[in-house]
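The block underneath contains the structure these notes are about, expressed in structure tokens.
Laboratory data are not the source of any read-out in this text; all were calculated from the coordinates shown. In this text, all values refer to a predicted model and were calculated from it rather than measured experimentally. Quick reminder, even Gly has a Cβ in these numbers, built from the backbone with ideal geometry, and neighbours come from all protein chains shown.
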Amino acid sequence: MSAPANHVSGFVSIIGRPNAGKSTLMNALLGTKLAIVADKPQTTRTAIQGVLTLPEAQIVFVDTPGIHEPRHLLHKRMLERIREALVGRDLILFLADAAVAFSRKDEQALEWIRKLATPAVLVLNKIDLVETKPLLLTLIDEYRRRHEFAEFLPVSALTGEGLDLLRKVLLARLPQGPRYFPEDHLTDLPERFLAAELIREKILHLTREEVPHSVAVIIDRWEEEPRPGGAVLTRILATVHVERPGHKAILIGRKGAMLKQIGSLARREMERLLDRKIFLELFVKVSEDWRRRAPFLNELDQLSVPRTQ
Ligand SMILES: Nc1nc2c(ncn2[C@@H]2O[C@H](COP(=O)(O)OP(=O)(O)OP(=O)(O)O)[C@@H](O)[C@H]2O)c(=O)[nH]1
Ligand SMILES: [Mg+2]
């Protein structure tokens with residue numbers, strides 16, 4: 001693929017504790033909302049590849065699940081995705097929430113990069129929430145004492161503050177290399193997976209406590225239907241699996257109102273992301289303890305198997 005001389009390219013993984021803003025940051029850098037975002041921990045459950053193509057560079061980002069203590073098989077698989085995302089990378093962006101004081105959990109999260117030869121940049125996110133500079137400096141000091149970071153960058157993935165500098169750092173630190181993907185390539189994740197994620201995101205936004213964690217979405221049917229004038233209508237049938245009957249009742253809501261709201265919000269966003277008309281039908285099913293069952297998790301994993309080029 002043609003690219004100018006001095007073109008740089010490389011693989012950059014974004015890791016950090018849950019809710020630090022990893023997915024928000026990747027979306028901001030890509031300029032597109034690709035990864036789902038929510039104010040609940042453990043929103044991202046797998047590796048999300050996002051490719052940024054610039055005239056002078058191509059950066060393959062991988063957004064990962066938050067680093068946490070595993071309590072069941074789903075958690076273990078999430079940690080496995082982080083582990084894989086640390087192999088063969090050019091740079092790691094280690095994200096931390098700058099609005100929260102340094103804790104033992106941050107210390108433990110650092111274990112993930114301690115033995116890596118790959119350079120890591122500490123990105124202190126959410127500086128829009130930090131009131132005074134000394135707080136930020138204290139935090140930087142905590143990290144500096146524990147790991148040899150290549151750079152320390154305060155940013156706000158939400159407001160965009162500091163992102164220009166982050167982009168410059170990325171370009172400066174990546175090696176010369178080719179364009180790996182065509183210019184318009186955004187991700188290798190299948191559309192079905194992206195659609196299922198959007199449904200889950202709307203559920204995360206509309207529910208609380210255990211419900212968001214109890215939800216998995218499987219696409220049962222995906223049919224492309226040609227329409228007059230060359231347009232395409234995609235008919236999607238998806239099942240929302242929950243662990244408990246009580247969760248099912250919450251998701252359906254009074255006279256089905258909740259499920260209807262989830263469906264219409266998800267459909268609108270699918271139409272924007274996939275750029276076509278969507279007809280979406282949702283079902284809710286109780287699949288007890290699916291987070292602990294390998295066959296169910298295998299089926300879920302199938303949904304995110306990368307498309308071949
Ligand atoms: N104020 C503020 N909020 C932010 C910023 N970046 C992210 N957030 C919010 O933080 C929450 C978590 O963001 P995510 O991007 O989902 O965080 P994550 O690290 O991907 O979380 P997991 O996937 O659960 O590990 C959301 O409510 C975001 O809107 C920021 O720079 N400032
Ligand atoms: Mg995330």
message: Roughly how far apart, in whole Å, are the Cα centres of the range 214-281 and the range 80-105?
response: 32
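Roughly what % of Cα-Cα distances in the chain sit above 31 Å, to the whole percent? Please list the in-between numbers first.
Working: 15912 of 47586 pairs.
More than 31 Å apart: 33 percent of the Cα pairs in the chain.
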field: Cα-based Lys pair tally, the range 8-173, threshold under 21 Å, eight or more apart or on separate chains
entry: 15
Phi-based couplings in Hz for the range 264-277 (Karplus 6.51, -1.76, 1.60; Gly and Pro marked x): 6, 5, 5, 4, 4, 6, 4, 4, 6, 5, 9, 6, 6, 6
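Dipole magnitude of the range 8-173 about its Cα centre, charges +1 at Lys/Arg Cβ and -1 at Asp/Glu Cβ only, in debye to the nearest 20?
Details: 23 positive and 19 negative charges, 108 e Å.
I would put it at about 520 debye.
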- prompt: Short version: ³J(HN,Hα) in whole Hz for each residue of the range 217-230, in order, from phi by Karplus 6.51 cos²θ - 1.76 cosθ + 1.60 (θ = phi - 60°), x for Gly and Pro, what are they?
  reply: 10, 10, 8, 8, 9, 9, 10, 9, 10, x, 10, x, x, x
- request: For the range 134-143, take each phi angle, set θ = phi - 60°, evaluate the Karplus expression 6.51 cos²θ - 1.76 cosθ + 1.60, and give the result in whole Hz per residue in order, putting x for glycine and proline.
  value: x, 4, 5, 5, 4, 5, 4, 4, 4, 6
message: Using amide H atoms built in the peptide plane, which far-off residues or other-chain residues are under 5 Å from Ile67 H to H?
response: Gly16, Arg17
query: Taking the Cα centre of the range 8-173 as the origin and placing charges on Cβ (Lys, Arg +1; Asp, Glu -1), which of Thr159, His68, Leu91 is farthest toward the positive end of the dipole?
result: His68
Only Lys, Arg (+1) and Asp, Glu (-1) charged, at Cβ; the range 191-303 dipole about Cα centre in debye: 460
Label-point separation in nm, Leu206 to Leu165, each point 7 Å along Cα→Cβ: 4.1
Point-charge dipole on Cβ atoms (K/R +1, D/E -1) for the chain, about Cα centre, debye to 20: 740
field: Shape of the range 230-309, Cα gyration tensor, a/c cut at 1.5
entry: oblate
- request: Sticking with the crude label model, points 7 Å out along Cα→Cβ, report the distance from Ala231 to Lys40 in nm, one decimal please.
  value: 3.4
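Would you mind finding the longest exposed-site-free stretch of the chain, with exposed trypsin sites (Lys or Arg not before Pro) meaning DSSP loop and at most 12 other Cβ atoms within 10 Å?
209-306
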message: Just want the answer: with Cβ charges of +1 for Lys and Arg and -1 for Asp and Glu, which residue in Gly263, Gly246, Leu124 is farthest toward the dipole's positive end in the chain?
response: Gly246
- prompt: Each label point is 7 Å from the Cα along the Cα-to-Cβ direction; what then is the distance between the points at Glu281 and Lys255, in nm?
  reply: 2.2
statement: Rounded to the nearest 500, the 222 nm mean residue ellipticity computed for the chain from DSSP H runs (n ≥ 4, each -39500 (n - 2.57)) alone is -11000 deg cm²/dmol
task: Taking the dipole about the Cα centre of the range 8-173, with the C-beta of Lys and Arg at +1 and of Asp and Glu at -1, give me whichever of Pro134, Thr44, Met78 is farthest to the positive side.
output: Met78
